[in-house]
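The values are calculated or read from the model by the stated rules, or taken from the named source; none is laboratory data. These figures come from a predicted structure and were not determined experimentally. As a convention, Cβ positions derive from the backbone with ideal geometry for all residues, glycine included, and neighbour counts pool all protein chains shown.
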Amino acid sequence: MKIRRQTRRRGVALEEAILEAAWVELSEYGYEGLTMENVARRAGTSRPVLHRRWPNRTALATAALAQQFARENIVIPDMGSLRDELSLLLRLMSDRAGSRDLQLFFDMQKDIVAERSSFAEIRERIVDGSQFHAVIGRAIERGEIDPTRLTPRITSLPLDLVRHEMMMTFLPLSEDAIHEIIDGIFLPLVRRSEPSSKT
């Protein structure tokens, strides 16, 4: 009987297999149950191979999360209105509340602190923010907001408020809460000032 040898995977193919294995392990056992040994076994490789790419399980879990986020490929279309586009984006963000993804961030907290990292750094590795920047860019082109008012803190404010509420409640935001963030907080800060009329 002829034995068929398994093709040795390298590069992107091997990385994809490892990250997929890591995601399955996270889905089945959570972050606390994630081990490099089990991921290596599931991916059909060895622990040294994993450690050459990801020094610890926090880095591996972060990469697996980033892969899943990228696969979702959320695109916010040009709806002709900053309010409509931002409402859709915040709703999609909010729908993650209570999900396994959010729970993973909490479970990773101890290791994140031990590595002198932060949730902000982990978020930067996972979410590229391209859709939000596209929404803001279109709003500037349409003249809906004043780019001179967009300091880094003000720009990130709607996203930060949604993240805060998600992490405090583990519940999706209501439509009223999303509209309050947009209409009551963000838009007044970034709209162009109306020229004062002379009497």
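Key figures for this structure:
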quantity	calculated
Residue within the stretch 36-46 that is at pLDDT 95 or above, of a type outside the set (A, V, I, L, M, F, W, C) and touching a Phe, Trp or Tyr at 6+ places or on another chain (Cβ under 9 Å) present	yes
Matching option when the condition is aromatic (Phe, Trp, Tyr) and within 24 Å of Asp78 (Cβ to Cβ), among Phe170, Phe119, Phe132	Phe132
In the stretch 169-182, the residues that are surrounded by 13 or more Cβ atoms within 10 Å (Cβ to Cβ) and in contact (Cβ under 8 Å) with a residue 24 or more places away in the chain	Phe170, Pro172, Leu173, Ile178, His179, Ile181, Ile182
Residue satisfying all of: in the stretch 183-199; surrounded by 11 or more Cβ atoms within 10 Å (Cβ to Cβ) and not in a helix (DSSP H, G or I); modelled with the lowest pLDDT among these	Arg192
Of the criteria (1) modelled with pLDDT of 85 or more; (2) closer than 30 Å to Ile145 by Cα, which one Ala21 fails	(2)
Condition met for Ala139 (at pLDDT below 90 and of a type in the set (Gly, Ala, Ser))	no
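Residues checked against (1) surrounded by fewer than 16 Cβ atoms within 10 Å (Cβ to Cβ); (2) outside the structural domain of Thr62 (by TED's automatic domain parsing); (3) in contact with a Pro (Cβ under 7 Å, 6 or more places away or on another chain); (4) within 19 Å of Arg96 (Cβ to Cβ):
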site	(1), (2), (3), (4)
Val113	yes, yes, no, no
Arg116	yes, yes, no, no
Arg123	yes, yes, no, yes
Gly129	yes, yes, no, yes
Ile136	no, yes, no, no
Arg142	yes, yes, no, no
Pro147	yes, yes, no, no
Pro158	no, yes, no, yes
Met167	yes, yes, no, yes
